[in-house]
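Data block below; observations after.
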Amino acid sequence: MEMIQSVMNQYSEVEAIVECSARALRNISEVFFYAQKAVLHPSGPLYCPEEKQLKPECVRALTRVFRICDLDNDGLLNDTELNFFQRTCYRIPLAPSTVEDVKNVVRRNVQNGIGGNSLTLEGFLFLHTLFVQRGRHETTWTALRKFGYNDNLELSNDFLYPPLKVPMDCTTELNHYAYLFLQALFEKHDRNRDQALRPEQLHSIFAIFPFMPWGPDVLGTVTTNDNGWITQQGFLAQWTLTAYLDVYRCLEYLGHLGYHLVTDSPTQASAITVTRKKKIDLQKKQTQRNVFLCNLFGFKGVGKSAFLQAFLGKNLIKYLQMKEEMGSHYAINTVPVYGQDKYLLLHEIGTESEFLSSRDLHCDVACFLYDTSNPISFEHCANIIRQHFVDSQVPCVVVATKSDLQEVKQYYCLQPSAFCRKYRLPLPVVYSCQTTGTPSTDIFLKLATVAVYPHSQLDCLCNCNKCTLCTCQNILRLGALRDLRARLLAALQIRNDRLANTHPSSLWLRATLGAALCAILSFGVIRILLRRS
Ligand SMILES: Nc1ncnc2c1ncn2[C@@H]1O[C@H](COP(=O)(O)OP(=O)(O)OP(=O)(O)O)[C@@H](O)[C@H]1O
């Protein structure tokens, strides 16, 4: 016995010594038990016996687990959160008396282990140190594996990149549940409830990542408040952009945040909707998509970046103030298209030549900017349209920027209006972001509408307030219509709340019939008006 003790003291990596005999069949099953345990749940990556504490990688991993379980972000695990951790890892909730026992053990051993009757990070780490010291490595390993860690305490590829098939011609979007999760994430870190994330709040969201996933360019990609902090709308928009442009990266980020554990879904791929092929949308002349891509083309200096920033509500002065710090080739925001919010993603194609890759041509609407004050700027647009878009199904919109400056004649065989008439394009839309307040959003509404309804003959892209498009938009913006919609939604909500007690024939029927009637009426009005245009 003494010899065993001295070996164990001398070699701290020795976890157990078993005296056994094959002849006498003594302790055979114990040998296999300890051997299996040493392989499946090694203490090496978790614990440093010399220093008698958890290794830094293990502390990092457990800190992430703690933060994910801290659903209200108050730095403590209350009983509900502790039970969430317990159910997620071990599939059985803790009895209230056991929760109290656990907290009492922590209270007795760690000075700051309990705060306001909840478990602190210090207490949580202490509990796991205790598990490992008492040879219950499997308890800690079960938790770590559940939260995605492999034997090297790194998040495994299987965890970060669950299978998701995206066929050609389909796009990827976040679904309703993903937006609910992200909204809750935003609210839990926006502790001062100002609907914007200060830099430190943004960092606290990503503190559980091994890297900062968003660079400074995000501030030039989505809406920010007057202080330059990301708004809730901007936060959701940036996630929408990632899901659209690089869905596997989006899955990775959601994996770091423990999406599927918090939402109790099979994997974070449940957050993604793969849309049907665009070809089918075009054939059927309708789409369920919510995100639409608009590629921006234009000669050097025509105002493409200023246009992107105008989409985010910044006028020329604000754009020039932030130009150097946060240049971005993308801008994403929501646009109300016939009463429904759609995401429009503007992408500045940074090329001075007219050579374009097939990726540059792939979009839902192509927007061509020329500078009214620069006589050589239109030729660039005209050449791209003639070479790449004349026979394509992608709708094109031409925009005459810097309309606040003196207009000059374009050095091209056709002036922009004549060119558009010749190629059956809508006439150029005049635009300027040189304003004192927020730039006009009409052009973005028109781009989004053309992207969502590429078949509609929306060739009257002006600000006349008389044409079909403007009439439809105005009808849908009517206060009365919005009021009616809000009432219907409220009625449906009441129905949800009371369904258990109410006879289904009353509220439910009334709300459903009302909603159906409203939808049919709106649809009919829009179709009649569109046909007449
Ligand atoms: N409406 C406007 N009125 C006057 N000047 C403008 C207007 N819009 C943009 N400018 C000026 O034009 C310059 C170029 O604008 P911007 O950087 O947006 O062009 P760009 O097309 O993005 O350029 P690049 O091709 O180099 O990326 C800006 O420095 C700005 O001062």
Discussion item. Cross-link candidates for LYS409: which aspartates and glutamates have Cα within less than 19 Å, leaving aside residues fewer than 8 places away along the same chain?
Written reply: ASP371, GLU379
Discussion item. Test of understanding: what is the full-extension gain from ASN175 to ARG136, defined as 0.36 nm times their sequence separation minus their Cα-Cα distance?
Written reply: 10.0 nm
Worksheet item: Quick one: how many Å² of LYS422 are accessible to a 1.4 Å probe, rounded to 10?
Response: 130
Fill in: Neighbour net charge for ASP158 - beta-carbon separation under 14 angstrom, K R +1, D E -1
-1
Response to the item:
Note on the stretch 192-286: contact order normalised by length, alpha-carbon pairs under 8 Å, 6 or more apart, percent, works out to 21
Fill in: Cα-based Rg of the stretch 47-154 normalised by 2.2 N^0.38 Å, two decimals
1.00
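What percent antiparallel are the DSSP beta bridges of the stretch 275-351, to the nearest 5? Can you show the working numbers first?
Numbers: 8 of 14 bridges.
Taking every DSSP beta bridge within the stretch 275-351, about 55 percent pair in antiparallel fashion.
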Discussion item. Run the reach check for LYS314 against aspartates and glutamates, Cα to Cα strictly under 18 Å, same-chain hits fewer than 8 apart removed. What comes back?
Written reply: ASP217, ASP226, GLU324, GLU325, GLU348, ASP404, ASP442
Discussion item. Heavy atoms only, 1.4 Å probe, whole protein assembly: order CYS58, CYS170 by accessible area, highest first.
Written reply: CYS170, CYS58
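If you build the Cα gyration tensor of the stretch 118-217 and take the root of 5 times each eigenvalue, what three semi-axes come out, in whole angstrom, biggest first?
Gyration-tensor ellipsoid for the stretch 118-217: 31, 23, 13 Å.
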Practice prompt. Would you mind checking the pairs LYS277/LYS323; LYS402/LYS422; LYS300/LYS446; LYS188/LYS284; LYS52/LYS103; LYS279/LYS422 and listing those with alpha carbons more than 30 angstrom apart?
Written response: LYS277/LYS323; LYS188/LYS284
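Give the calculated FRET efficiency between GLU379 and GLN232 to the nearest 0.05, with a Förster radius of 35 Å applied to their Cβ-Cβ distance.
Details: r = 43 Å, r/R0 = 1.22.
FRET efficiency, GLU379 to GLN232: 0.25.
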Worksheet item: With r defined as the distance between the Cβ atoms of TYR248 and LYS279 and R0 fixed at 22 Å, what FRET efficiency is calculated, to the nearest 0.05?
Response: 0.40
Item to complete: Treat the stretch 258-352 as a sphere of radius equal to its Kirkwood radius over Cα pairs and apply Stokes-Einstein at 4 °C in a medium of 1.567 mPa s; give the translational diffusion coefficient in µm²/s, rounded to a whole number.
Response: 80
Practice prompt. Quick one: dipole size for the stretch 159-275, taken about the Cα centre, charges +1 on Lys/Arg Cβ and -1 on Asp/Glu Cβ, in debye to the nearest 20.
Written response: 180
Practice prompt. May I ask for the net charge around ASN295, where only other residues with Cβ less than 10 Å from the Cβ of ASN295 are counted and Lys, Arg are +1 while Asp, Glu are -1?
Written response: -2
Worksheet entry | Column: log10 I(q)/I(0), Debye, Cα scatterers of the stretch 182-301, q = 0.10 Å⁻¹ | -0.39
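The values are calculated or read from the model by the stated rules, or taken from the named source; none is laboratory data. As the structure is a prediction and not an experimental result, all values here were calculated from the model. Every residue, glycine as well, gets a Cβ built from its backbone with ideal geometry; the counts of neighbours run over all protein chains shown. Just the protein is used for accessible areas: all its heavy atoms, side chains included, with ligands, DNA and RNA removed. Shrake-Rupley method; radii C 1.70, N 1.55, O 1.52, S 1.80 Å.
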